[in-house]
1. Does A:GLY727 count as in a helix (DSSP H, G or I) and exposed (fewer than 15 other Cβ atoms within 10 Å of the Cβ)?
2. Name the residue that is nearest to RNA strand B (Cβ to nearest atom), counting only residues in region A:378-410 that are part of a helix (DSSP H, G or I) and of a type outside the set (A, V, I, L, M, F, W, C).
3. Quick test of your reading of the structure: A:LEU664 fulfils all but one of (1) more than 30 Å from A:TYR56 (Cβ to Cβ); (2) surrounded by fewer than 21 Cβ atoms within 10 Å (Cβ to Cβ); (3) not polar (S, T, N, Q). Name the failing condition by number.
4. Does region A:131-138 include one or more residues that are assigned to a loop (DSSP other than H, G, I, E, B) and open to solvent by less than 10 Å² (accessible area, probe 1.4 Å)?
5. Working only within region A:779-799, note down all residues that are within 9 Å of RNA strand B (Cβ to nearest atom) and touching a residue at least 24 places away in the same chain (Cβ under 8 Å).
6. Restricting to region A:484-507, and then to whatever is out of contact with any strand residue (DSSP E or B) (no Cβ under 7 Å at 6 or more places or on another chain), touching a residue at least 12 places away in the same chain (Cβ under 8 Å) and part of a loop (DSSP other than H, G, I, E, B), can you tell me which residue is nearest to A:PRO544 (Cα to Cα)?
7. Restricting region A:363-377 to residues that are outside any loop (DSSP other than H, G, I, E, B) and open to solvent by less than 10 Å² (accessible area, probe 1.4 Å), which is farthest from RNA strand B (Cβ to nearest atom)?
Amino acid sequence: MADYHFQEIEKKWQKHWKETELYKVNNDYDRPKYYIMDMFPYPSGAGLHVGHPLGYIASDIVARFKRLKGFNVLHPMGFDSFGLPAEQYAIQTGQHPATTTENNINRYKEQLKSLGFSYDWTREVRTSDPKFYKWTQWIFQLIYNSWYNNDSDKAEPIESLIERLETNGNAEINASCDEDTPTISSEDWKNFDEKEKQLFLLKYRLTYQANTTVNWCPALGTVLSNDEVKDGFSERGGYPVIKKTMPQWSMRITAYADRLLSGLEKIDWPEAIKETQRNWIGKSFGAEIDFPIEDSEKKISVFTTRIDTIFGVTFMVLAPESELVSQLTTSEHHEEVNTYVETAKNRSERERMTEVKNVSGVFTGSYAIHPFTKEKIPVWVADYVLAGYGTGAVMAVPSGDQRDFDFAKHFDLPITKINDAQQLTETEADPTKEGKIINSDFLNGLPPIEAMEKGIEEVEKRKLGKRKVNFKLRDAIFGRQRYWGEPIPIYYEDGIPKLVSLNQLPLELPKIDEYLPTEEGDPPLGRAKDWTHDRNLYELSTMPGWAGSSWYFFRYMDPDNDQEFCSKEALDYWKDVDFYIGGSEHATGHLLYSRFWTKFLYDREVIEVDEYAKKLVNQGMIQGRSSFAYRVNGENKYVSKGLKDQFDTTPIHVDVSLVRNDVLDIEGFKKFRPDAKDAEFMLEDDRFFCGSEIEKMSKSKFNVVNPDDLISKYGADTLRMYEMFLGPVEASKPWNTNGIEGVFKFLRKFWTLFHQDGNFSISDENPSNEELKVLHRVIQKVEDDVEKLSLNTSVSTFMIAVNELSSLKCNKRAILEPLAISLSPFAPHICEELWSLLGNNDSVVKADFPTYEEKYLQEDSFEYPVSVNGKMRVKLNFPVDAEKATIEQEVLANETIQKWLDGRQAKKVIVVPKKIVNVVV
RNA sequence: GCGGAUGUGGCGAAAUUGGUAGACGCACUAGACUUAGGAUCUAGCGCCGCGAGGCAUGGGGGUUCGAGUCCCUCCAUCCGCACCA
C-alpha cells in the first residue's frame, strides 16, 4: 500500500518554499500585474480557528492560479497589530503590548505557514512597527495640512488657503469647514496674530480639533467611533457607552461624502456593502427653511425632505442639545426645560434607544412664525430630535410623520391634514406620497412629488431658505485615550497644536510604567517621562484602530522604503488591488475610512487611483456548531438525543472533538467531565447521540475547531480543499468536520493512482480519448470556477476526475502532468511532490496552466430526451454532428413518437443543442 | 419601520443561466473481503406507491411546448441601519 504521507510532504515543501523564497515578487514590467490581498488580521491571543482561513484559502487559490496564468502576482500578508485587547491584557499583566503582540503574530504566522499559503513574507507589514507608522503619521500630517475646496471638489494644500485668505479673505471660499467659521476679510486675516491664525486655520484643516459630542466608554476609558458602538455598547468588550462632549481630533470625512457615494458606482463590490455604505453616508435631498421666532431676531432653521407638507406644520421641536434651547426658553418655562435637558443629557445611548417608544418633551414658551401662513406655532424640546442630524431642529408635521403624530397626540397639539389621500387613524399618521395636496395655499391640487419641487422653488423665490442636500455621515473622531496606538505627531506650544517635523518621524511610543489613565484623568501617555518636544507637551491621545488599516495596501507595494510611503515606481506598477477578500463586518469602518484616505491621497497627488480595490468579496462567517449531551436533572445520568424528551434534562456543552457525526465518544467525555466518570449513559441503537446548536465559535462553548488539529490529522491540502468544498466562499455556515473524510479519501486516491508498492509509478503511454476528456474537463472547469470564485464545484470536479481515472487505471504521465498543475492552486503540497517525482527540477508554481481543447470535450453521440408538448419522455441517440434537420427528421420518424402523435401534425420540433428535443403539436 | 440577501433530500450543496432537478461529498441501507473495523470495494439512497405511475426546488398565481431559474403576490429565516425629519 502506497501511503500518502502528507505530514512529510507538507513539511518538506513548506521548508523548501521558505528557503528558496519561491513566492517573493518583484516589479516585473514584462508581465501583467495581479494584486490580490486579504484583510490583514488583528493577531489575537487565541490564534486562528477554522473560520479565519476561509478567505485566505480562496485568495491563495486565486493567487496561485493567476501565477500559473502568467501574471506577476502580489499576494502579501501583514498584521493590524495595534488594538485594545493587547492593551487590556497589558493592564492586567503589566506585560508590554508589544511583547504579547509579537508572540501572537509569531503564532499566527506559524499557523498561516502550515496552511501552505503563497504569501510573499518579505513584504509583511505591521501597523505597530515604527517603520510602518512613520508613514501613518506622515499621512496624518498631510491631512492636517490640507483643506477641502468644494469648488475644485478636492483636498488642497493649506498653503493655497492661506494665500487666498491673504488676498481676499474667506468670503469667496467655498470649503468644508466648521459651521461656526466667521467671514473675515484679508485685513482681518493680516491683523490676526500667529495664534489666531492657527486657530482660524483649524476650522478648515481636514484634521481638526474641536469640541465634539463623542461616544465615551467609561470602562475602556476612551472614545469610540460610531462604527465601534453596537446597540449602545462597545464593540470590543461590550461595555456601556455614553455621550460626552470633549475636545477631540477629528477628520473631515464629511467633505468626501458625495465622492464616497458616487465612487461606489465604479467598483465591483458586493451590493450589500455598497448599500450599507450608502445608508451610512445617508444622502437626502430637501430644503433648509428658516422659521422666525415671534418678537425676536432669532430663527429656527430646519431641514426637511418633505417640503410638500409644510402647511401641515403645527409645532416645532428642538433637540435637547440644541443651542437654541436656552435662547428660546422663556423664564416661566426655564426650570422645566432645564430639568428635561439635563435628564436627556445624562441618559446613556442605551437608555435613550430603549425608550424610543416613550414620548417626552417640554414646551419652551416661545412661538415660531410659519413662513407662509404667518401663524404662531409653539416651539418644543424633545429628545426624539437628534442634535447630530440636520440642524438639530425639525418642523413637525403630525399628519405625515409618525413621530410628530405621536407627539401631537400625547401633548394634544393640532393635526392638520394636507393630502386628500391621507388616511389618519387614532394612532397612525400617513406619510403617503400619493394623492393631491390640500389645505396648502399655492400647493393645493398638486401631487406631493411635484409639490416638493414647487415648494423648494417658492422657498428660494421668497428667500425663506434654500435647496439643501443633507448627509447622515459624521466626521470621524480620530483620537483615542489609549496607549497602544500610533502617537499623534503633534505638540502644543502656547496652546497651539504644531506638527512634529518630518525628519523627526516616526514619533515613537514612549515607555510607560502602567497602561492606565493618570490620576488627573489624562490618557496613559500622560505617564510617559519627557513626552515633550522642546518642553512642549506632545498630544496624549493616540490614533484609532482604523488609521493603519486605511492605507496598508499601498505599503505592501514597497514595504521597506524609508524615504517615501511608497515609491512612485511601485505605485505606478501595482496601482491598486485587483481582488480584495475580507469580512463584511468592516463595511462602515475600515472599508469606508480606507476609501476616504485613498481619495485624499489621490487629491494630494500621492497616488494615481481614487479607489484602491477594484473588486471585493466578502467571505462568509464560519459559526461554531456546539454539541450537547443531555443530563437528567438530579441524576448522574445522560440520555441520547432521541430520548431526551422522556426526561427532564439539561443540555451540557460537549467538546466538539469528542463528537463524530453527532455520536459521542463516551470514554473521552468521562475524561472531559470528571464528574461524569461514573455516570450512566442511555443509548439509542447502541450509540449516544448529541444534540447541536449553531453558536459563535468560542472557547467557552467548546465548539472551537482548531486548524492545527485537522492539519495534523488530514494535512493542509485536505483542509484547504475541504474548506472550499463546504460551499460558496461568500456563504456563512456553521463549521462541520463531518465531510472532511471524503476530501481526504480523494487526495489519497489521487496519490495512490500514481503509486505502486510504495513507489512512484508512471506510464509513458499515450492517453486515450476517454482519459483526455476527463483531463480537459477538469482544466476547463477550474478555469471557469476560479474566475467566478465557485471553488466548491471545482473540488467536486477533481473528485469525479480522480474516480474516473482510477477506474480507468490511468497512471499516465501525459495526464498527471497537466492535472497536477491545475490542482496545485488547491492542494499545493501534494502537487509539488508529484511534480518533482515526475522529474521536474523547478517548482510547479513556475509551470504554465494547461489549456483545454474543445475537441476532447465533445461527445460522439448524445442521448436526447424527446418529449411531446413537454410531456412524456423517451431517450433517442443522435450523433453529435447531426444537423438540426436530421435530428428533427429522425425524431419524427421514430416509432414511439409516431405512436404518441397518433396521426396529429407536429407544429414544430424544438432542438436545444446537446440538451433536449421537444415536439410541439 | 427602511434596506440587503436567502429559501432545493436526513445534512453541506450542484444545476452549463429557460431545457432530463438533486452532480459531488457526508450520513444511512444492503452486500463482498476480513479475526476485527471509525479500513477498502460494490450497489442502493427526494417523497408516496408492491407496481405501472404520481408528486416534488418556502406557499399561491401567471408567462411558456417546457420554470429551481422570468413576472406578480404572500410567508419564513438571516444580516445591515434605525426617532435621519
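The values are calculated or read from the model by the stated rules, or taken from the named source; none is laboratory data. Source: prediction; values computed, not measured. Every residue, glycine among them, receives a Cβ derived from its backbone with ideal geometry; neighbour counts consider all protein chains shown. Heavy atoms of the whole protein, side chains included, go into the accessibility calculation; ligands, DNA and RNA do not. Shrake-Rupley method; radii C 1.70, N 1.55, O 1.52, S 1.80 Å.
1. So A:GLY727 fails the test.
2. Here the residue is A:ARG403.
3. Here A:LEU664 meets the rest and fails (2).
4. no
5. From region A:779-799, those within 9 Å of RNA strand B (Cβ to nearest atom) are A:784-785, A:788, A:790, A:792-793, A:795-799; that's our starting set.
A:SER790, A:ASN792, A:VAL795, A:SER796, A:PHE798, A:MET799 - these are the residues of region A:779-799 that are within 9 Å of RNA strand B (Cβ to nearest atom) and touching a residue at least 24 places away in the same chain (Cβ under 8 Å).
6. The residue in question is A:TRP484.
7. A:THR364
Yes/no matrix, rows are residues, columns are (1) closer than 30 Å to A:TYR108 by Cβ; (2) not polar (S, T, N, Q):
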site	(1), (2)
A:GLN623	yes, no
A:VAL632	no, yes
A:GLN646	no, no
A:ASP675	no, yes
